[in-house]
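Presented below is the structure to which this report refers.
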Amino acid sequence: VTIVLSDGTEISGKDVKVIYSHPLADLALIKINKTGLKAIKWGDSDKLRVGERVAAIGSPLDLKATITQGIICAKNRDIDVMSHLIQTDAVINPGSSGGALVNLDGELIGVNRLITSNTGRWQGFGFAIPSNDAKWFTDEVIKNGEIQLGYLGVRMYDDGPEKMRILATSGMEPDAEGVLIQSLPY
């Protein structure tokens, strides 16, 4: 792992240690051995309001230390396997993931995660992991050495023809509310 600071300083080798990473959380805790660095202040992502102005910081398309601005478009969006993400129109391109989403006070209110796009480049909306989730992750790793995510082992049918066939043959309405369970663990 190599960390590149905004002034171009590279930190790697024994001065960078990955403490813990988790693919489902899409977060990692990294320790950097360097003096003089100032930590960003945590913001409270639960207090975000739709329409609030934000800035996304990252290195999209190999353009170091790029800042884009936008607003909070929505909260609690479910995209991919992640839930309750922050939706913003601040540009988040490949390379911005893992960068900071900050409020106008310079507080971390999200960790840039992904974009929705038909082209692979910005064309729609960016999504960020809420800072309160990232803080919980960090606190858990520092306290317990890892995070524990709940897992039921239940497989559910996706919305699609198989689910519609099962609903129709069971006599249920096609627009019935709830979850259709495909299987349970033994």
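The values are calculated or read from the model by the stated rules, or taken from the named source; none is laboratory data. Computed from a predicted structure; not experimentally measured. Note: ideal-geometry Cβ built from the backbone for every residue, glycine included; neighbour counts use all protein chains shown. Please note that ligands, DNA and RNA were not included when accessible areas were found on the heavy atoms of the full protein model with its side chains. Shrake-Rupley method; radii C 1.70, N 1.55, O 1.52, S 1.80 Å.
A few notes on this one:
- Listed residues Ser96, Ser131, Ser12, most fluctuating in the chain (Gaussian network, C-alpha, under 10 Å): Ser12
- For the stretch 52-186, with +1 on Lys and Arg beta carbons and -1 on Asp and Glu, the positive-most of Cys73, Gln148, Ser97 along the dipole: Ser97
- With Cα atoms, 0 to 90° folded angle of helix 131-144 axis to the chain main axis: 80
- In sequence order, calculated HN-Hα J values of the stretch 9-14 (Karplus, 6.51, -1.76, 1.60; Hz; x Gly/Pro): 4, 9, 10, 8, x, 5
- Overall dimensions of the stretch 85-147 as given by Cα atoms, namely Rg and Dmax in Å: 13.1, 41
- The calculated pair-distance distribution of the stretch 1-45 uses every alpha carbon pair, bins of 5 angstrom beginning at 0, and gives 5, 16, 22, 25, 20, 9, 2 percent.
- Each helix, a run of at least 4 DSSP H residues, gives -39500 (n - 2.57); summed and divided by the residues of the chain, these come to -4000 deg cm²/dmol at 222 nm.
- Taking Gly36, Gly126, Gly106 in turn, the Gaussian network model of the chain (Cα-Cα springs below 10 Å) assigns the largest fluctuation to Gly36.
- Most mobile listed residue (Gln148, Gln87, Gln69) in the chain, GNM with C-alpha springs under 10 Å: Gln148
- Over the stretch 111-168: Rg over Rh, Cα atoms, Kirkwood Rh: 1.17
- Under 5 Å, built H, 5+ apart or other chain: amide partners of Gly110: Leu101, Ser131
- Per residue, the convex hull volume that the Cα atoms of the chain enclose (Å³): 167
- Put simply, the amide H of Tyr20, placed in the peptide plane, has neighbours under 5 Å in Leu29, leaving out anything fewer than 5 places away on its chain.
- The GluC sites (Glu not before Pro) of the stretch 115-183 that meet both conditions, a loop assignment by DSSP and at most 14 other Cβ atoms within 10 Å of the site Cβ, are Glu146, Glu177.
- Candidate aspartates and glutamates for bridging to Lys135, where Cα separation is under 15 Å - those fewer than 8 sequence places away on the same chain excluded: Asp26, Asp44, Asp46, Glu107, Glu146
- Heavy-atom accessible surface of Met156, to the nearest 10 Å², is about 110 Å², with a 1.4 Å probe and all protein chains retained.
- Taking a straight line from the alpha carbon of Lys64, these aspartates and glutamates sit under 14 Å away, with near neighbours fewer than eight places off in the same chain left out: Asp7, Glu10.
- Using R0 = 22 Å, the C-beta based FRET efficiency linking Lys34 and Gln148 works out to 0.10.
- Restricting attention to the stretch 12-58, lysine pairs at least eight places apart or on different chains and with alpha-carbon atoms under 13 angstrom apart total 4.
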